[in-house]
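Have a look at the structure below before the remarks.
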Amino acid sequence: MPASVVLVHGLRTSASMWRAQLDALDRAEIPARAIDLPGHGSRMAERFAVATAMAAIGDAVDAMTGPVILCGLSLGGYLSLHWAATEGAERIDGLIAAACGTTPRGAALEGYRRIAAGIGRLPDRGAGLNRLMLRTFVPEPGRTDVESGGIALDVMADGLREISVVRPIDAIGRIRVPILLVNGELDHFRLQERRYLAAARARPQVPASWSGLLVVPGASHLVSVTRPEAFSRLLLGAAARAD
């Protein structure tokens, strides 16, 4: 049987961003579930923390039957790598880490925190700027998909503080299942993608052929939303190969 798929969204978005992929998987009769992380979507009233996010991912994986592919984008990608390395041994059969090709630490993370803090002090807490960015860089129907689950305007401080504990390259070295790294060609978070791939291919007792890097032409950071058909195809292929 094809693998089932668990999808983990990015910072400030929600499970609704995966509508195109859920539709494609449903048409192929592949079981799939997109979760809301704490502080996002249906759980927006909660505080975000890595510990509760780990529990959400684990619960979703354990609810599926047969082989399982875990796929996360941006924040969801970092968390999926962290979960697979610390708690997911033998609980998944493959991992897709998208739009998370730069380790979130140091000066870059601090600069991002300062920008986020400034946006959070705006009268609308950044809602207008977020709408402008979506309308400029995300085509329909992806823009509506992202917005329909709600935008978590107040999660940035918790999210950026908590994510500093993850070490994605170290995590990759501890994961023993196939890993596919996916980045948009125009993504500003792909600076270390080659280091990620090298770490995946250097894993002891794991064939190098189990690791790959796919750069989607013309796609931005939200690669699954800006190039939904291409991203859906790679999910369908991963689910089939995990049989």
Hey, GLY10 outside any helix (DSSP H, G or I), closer than 25 Å to LEU134 by Cβ and in contact with a Phe, Trp or Tyr (Cβ under 8 Å, 6 or more places away or on another chain) or not: no
Restricting the stretch 138-163 to residues that are part of a helix (DSSP H, G or I), under 12 Å from GLY39 (Cα atoms) and of a type in the set (A, V, I, L, M), the residue that is most open to solvent (accessible area, probe 1.4 Å): ALA157
Those residues of the stretch 170-213 which are of a type in the set (Gly, Ala, Ser), surrounded by fewer than 18 Cβ atoms within 10 Å (Cβ to Cβ) and closer than 21 Å to LEU235 by Cα, in sequence order: ALA208, SER209, GLY212
Among the candidates ALA51, ALA34, ALA24, ALA3, residue that is closer than 27 Å to SER164 by Cα and buried (at least 18 other Cβ atoms within 10 Å of the Cβ): ALA34
Cβ pairs under 7 Å, 6+ apart, first in the stretch 163-183 and within 10 Å of LEU81 (Cβ to Cβ), second open to solvent by 10 Å² or more (accessible area, probe 1.4 Å) and basic (Lys, Arg): ILE169/ARG195
ALA84 being of a type in the set (A, V, I, L, M, F, W, C) and at pLDDT below 95: no
The stretch 214-243, residues that are open to solvent by 50 Å² or more (accessible area, probe 1.4 Å), assigned to a loop (DSSP other than H, G, I, E, B) and not basic (Lys, Arg): PRO217, ASP243
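The values are calculated or read from the model by the stated rules, or taken from the named source; none is laboratory data. If you're wondering where the values come from, they're calculated on a predicted model, not measured in any experiment. With ideal geometry, Cβ positions are generated from the backbone for all residues, glycine too; neighbour counts draw on all protein chains shown. What goes into the accessible areas is simple: the full protein's heavy atoms, side chains included, and nothing from ligands, DNA or RNA. Shrake-Rupley method; radii C 1.70, N 1.55, O 1.52, S 1.80 Å.
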